[in-house]
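Taken together, the values in this text are just the output of simple stated rules run on the coordinates, not laboratory data. Treat the numbers as computed from the prediction; the structure is a model and nothing was measured. Cβ coordinates were reconstructed from backbone atoms using ideal geometry, including for glycine residues, and neighbour counts include every protein chain displayed.
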Amino acid sequence: MVSVPNTQKIRIEQIPFTAKVGYGIGDIGCNIFIVSSGLFLLYFLTNIIGVEPALAGLALLFPKLWDVVSDPIMGAISDATSSRMGRRRPYLLLSAIPFGLSFFVMFLAPHHHTDMANAVHVALLFALVCTFFTVFNVPYSSMVAEMSDDYNERISITSYRMGFASAGGLLAGGLAMPLVTLGGGNEDGFRFMSLIFGAAIILCCLLCFRATKSVKTREAQKHLPSIGKQIKIALRNVPFLCLMVSYFFQAMAVGVLMAGLIYYVKHIMKMPETAMGIIFPIFLGTAIVFIPLWAKVGGIFGKIKAYTVGIGILIVMLISLFFTTPSYMELFYVQIFVLGIGFSSFQLFPFSMLPDTIEFDEMQSGMRREGIFSGSWSSGQKIAYSVGPSIVGFALSFSGFAPGETQDASVELGIRIVFCAVPALLFALSYVPFARYDLTSDKFEEIKQRIREKASSPSVD
């Protein structure tokens, strides 16, 4: 057999700039939901509605258990969908308006007579929003693997997506509390904020649907195993499993960071809640700026090495924040800036690695199952994010937190531990499974070559 020289490699068609931008816009809406609920929903329960912190944390955890079921199901449904709009895009259209409307309703403060009733009320609405988010996000995330099968082009697509994702997070984190203040504060303010953000979610989802009209898609799989069997197959994909477990620890750490940041800013750094309009934009703005740089670093040194460095930056900065006091305010801003540099790598690399694991599955099975892998990934991501606020809620309750302007020393220590030490430990633990992830650029090219060889070989009945 004569091998094909490297100079004759198949030329990969680059995705048009407008398609990358249009695709990325979808994640603005997704991250408005992710970041605003992650940063402020626990605070809304404890400080606006008055729910006890541990109960509030549980209220945000249990709706996510539904995602364990709904995300893989949605992935399997989109894998098997056949329409003139492709496998994924119909769900971008169908979910857009319900997603934004349910987000708005979630922040309408209930007035039941007990903490339990108020917590259950918000939890059920949170579960509803998560369901519509799943209908949009799982097919949306699956599109990267269909748009291109080039290792580095996927970094480019993902860098656009994560740039817009960070922009959505920047809008949510930077404008939420100013919008609450503009709307009159307290319940009225949160109602106004959720109205604006809900409309933005609908607009972004619809724009993404329209802008991705020309992107490449694949035919629906006609014969797929049962969902349970597909999940088992996904878990036998070693690179996918290592990446997902590693990302689960990291997403849990980010969930703790997002839920705990407003408490750290207010009770450790002694700043008002409106300071989140400065602190979070520094954090997310830095992440946006550094995504193109991380994309270049990943292209030169490989995704694995670059991502290892990025997580290391997060760990070092979190440890340093444990010792920061209000008298070192300038240092605090620098730490938030550098933390954003590390977070930028978290935004980019896992989502550019995930499509590579799908090729590994295709090499083994001969099937394209982007949906089932994206659904399993999304399920783990959402569960991890939801565990974060629960950890913060229990830590606040255990340390004696009570809504108010002044907290005692035990509460301040508890906030330092849960905001700094816990995420740093979780990021460090993520290195253990990630050490076994080995889909380098060279290995990825070998996998694609084997897929092409299988496709060109005559089948034997």
Q) Rounded to the nearest whole Å³, what is the per residue volume of the convex hull around the Cα atoms of segment 1-144? A) 175 Å³
**Q.** Rg/Rg_ref, segment 248-292, where Rg_ref = 2.2 N^0.38 Å and atoms are Cα
**A.** 1.28
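Going down the list Lys296/Lys443; Lys270/Lys382; Lys64/Lys305, which pairs span over 23 Å between their C-alpha atoms?
Numbers: Lys296/Lys443 20 Å; Lys270/Lys382 31 Å; Lys64/Lys305 32 Å.
Too far apart for the 23 Å limit: Lys270/Lys382; Lys64/Lys305.
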Q.
Just to be sure I understand the rule: take each whole DSSP H helix in the chain, project its Cα atoms onto its long axis, keep it if the span is 20 Å or more and its mean Kyte-Doolittle hydropathy is at least -1.0. Which ones pass?
A. 17-43, 53-80, 89-106, 115-147, 151-182, 186-211, 238-263, 276-301, 303-321, 329-365, 370-399
Q: Could you point to the residue in Gln407, Leu93, Met329 farthest towards the positive end of the chain's charge dipole, with +1 and -1 charges on the Cβ of Lys/Arg and Asp/Glu respectively?
A: Leu93
**Q.** Relative packing of peptides 437-449, 294-306 - highest average C-beta neighbours within 10 Å first
**A.** 294-306, 437-449
Q: Towards the positive end of the charge dipole of segment 50-146, with charges on Cβ (+1 Lys, Arg; -1 Asp, Glu), say which of His112, Ser142, Leu65 has the farthest Cα.
A: Ser142
Q | the chain: calculated mean residue ellipticity at 222 nm from DSSP helix runs of at least 4, using -39500 (n - 2.57) | A | -26500 deg cm²/dmol
Q | Debye log10 I(q)/I(0) for segment 248-327, one point scatterer per Cα, at q = 0.11, 0.12, 0.21 Å⁻¹ | A | -0.37, -0.44, -1.12
Q: Express the C-alpha Rg of segment 138-183 as a ratio against the empirical globular expectation 2.2 N^0.38 Å, rounded to two decimals.
A: 1.62
Q) Mind checking the dipole of the chain: about its Cα centre, +1 per Lys or Arg Cβ, -1 per Asp or Glu Cβ, Debye to the nearest 20? A) 1200 debye
Q. Among Val422, Val122, which comes first, second and so on when ranked by fewest other beta-carbon atoms within 10 Å?
A. Val422, Val122
Q | Rule-of-thumb Rg ratio for segment 246-394 [Cα; 2.2 N^0.38 Å; N residues] | A | 1.18
Q) What net charge is computed for the residues neighbouring Asp27, neighbours being all others with C-beta under 13 Å from the C-beta of Asp27, Lys and Arg scored +1, Asp and Glu -1? A) +2
